[in-house]
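> Handing you this structure, nothing more for now.
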Amino acid sequence: MARTWAELLGEPDASAEDEAERSGFFGRLRDSLSKSRRALTAELATAAFDPADEEAWERLEEALITADVGEQPSVLLFVGVNGTGKTTTIGKLAQRLREHEHAVIVAAADTFRAAADEQLEVWADRAGADFVGAARGGDPAAVAFDAIEAAQSRGRDVVLVDTAGRLHTHTNLMAELAKIRRVIASKLEGAPHETLLVVDATTGQNGLEQARQFQEAVDVSGVILTKLDGSARGGVAVAIAYELGLPVKLVGVGERLEDLQPFDPKDFARALVGG
């Protein structure tokens, strides 16, 4: 059946308690983007973003791409350069999904970075999610394949696949990433249902070039923007959405679990302009 971020993470209530929590997150978002507000004019000029452009707003508001996958698991593939926070983001998302009663498997297809699988396994244990890994130096595509197979046999409904960080300029590593995607597709028709690029907001406009290169290599479907709490360049979300038509799906504004949230374009715009 079709899945959206709202279905995966739950629809917000209109209760006072939930409104307070939402306001609290918006407050943290606004504080995190205080530097971005000062840089807004330059960022919007670079992105050539017209606030009156209804199509631009529709792109920003685009929900999680859905797929009719029946009884198969939803597979989310995470990609990005080194140091963007992919593994931590996956761990937090696994925990949020488990809180919303989804059966999750996390796959450590980063078989190169020392202790990468251990880090992800700790998050999996914390979230109550299944974990699939391999020996260091193993085939990352095989890990993704095994994770989907495990999800099918165990009745799990979401598979989160971590991958090794790689520079978008490394042609051979980008080709390896494309192989991982092909193997996933060969195991499950229509998968991966999302290929999510994790971008460090502090990279500014370089994040736009990263998104362009990864999109060409592995058909990125959306972006997760991390480290907004330390960035003066939050407007890169606007540039990526406008230039490449890629929706921002999640934002991270801190280390706490609740600081990873579905992207709300209205809240983001209000925080960015100080409204």
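> Determine, for each peptide in 244-255, 129-140, the mean count of other beta carbons within 10 angstrom over its residues, then list the peptides with the highest first.
244-255, 129-140
> Do any GluC sites (Glu not before Pro) in segment 78-128 lie in a DSSP loop with no more than 11 other beta carbon atoms within 10 Å, and if so, which?
Answer in residue order: Glu101.
> For a quick check: sort Ser153, Ser221, Ser74 by the number of other beta carbons within 10 angstrom, fewest at the front.
Lowest count first: Ser153, Ser221, Ser74.
> Taking 7 Å along the Cα-to-C-beta vector as the label spot, tell me the Val273-Glu101 distance in nanometres, rounded to one decimal.
4.0 nm
> In terms of the Cα gyration tensor, with a ≥ b ≥ c the square roots of its eigenvalues, is segment 186-244 rounded because a/c is under 1.5, prolate because a/b exceeds b/c, or oblate?
Working: a/c = 2.87, a/b = 2.07, b/c = 1.39.
Prolate, since a/c reaches 1.5 and a/b exceeds b/c.
> Using the Cα centre of segment 98-194 as origin and beta-carbon charges of +1 (Lys, Arg) and -1 (Asp, Glu), tell me which of Gly155, Met174, Trp123 is placed farthest towards the positive end of the dipole.
Towards the positive end, the residue furthest out is Met174.
> Now a separate question. Taking the number of other C-beta atoms within 10 Å as the exposure measure, put Phe214, Phe145 in order starting with the fewest.
Ordered from fewest to most neighbouring Cβ atoms within 10 Å, Phe214, Phe145 come out as Phe145, Phe214.
> I want to check the label-to-label distance for Ala185 and His170. Put each point 7 Å from Cα in the C-beta direction and report it in nm to one decimal.
About 2.3 nm separates the two model spin labels.
> On a C-alpha basis, how far is the centre of segment 196-218 from the centre of segment 89-144 in Å? Whole number, if you could?
When both Cα centres are located, 22 Å separates them.
> Strictly greater than 17 Å: what percent of every Cα pair in segment 89-216 meets that?
In whole percent, the share of Cα-Cα pairs in segment 89-216 beyond 17 Å is 59.
> Okay, moving on. In nanometres, what is the gap between the two model label sites at Ala135 and Asn82, each 7 Å from Cα along Cα-to-Cβ?
2.5 nm
None of the figures in this text is laboratory data; all of them are computed from the coordinates on show. Just so it is clear, the structure is predicted and the values come from calculations on it, not from any experiment. Glycine also receives a Cβ, built like all others from the backbone with ideal geometry; neighbour counts cover every protein chain displayed.
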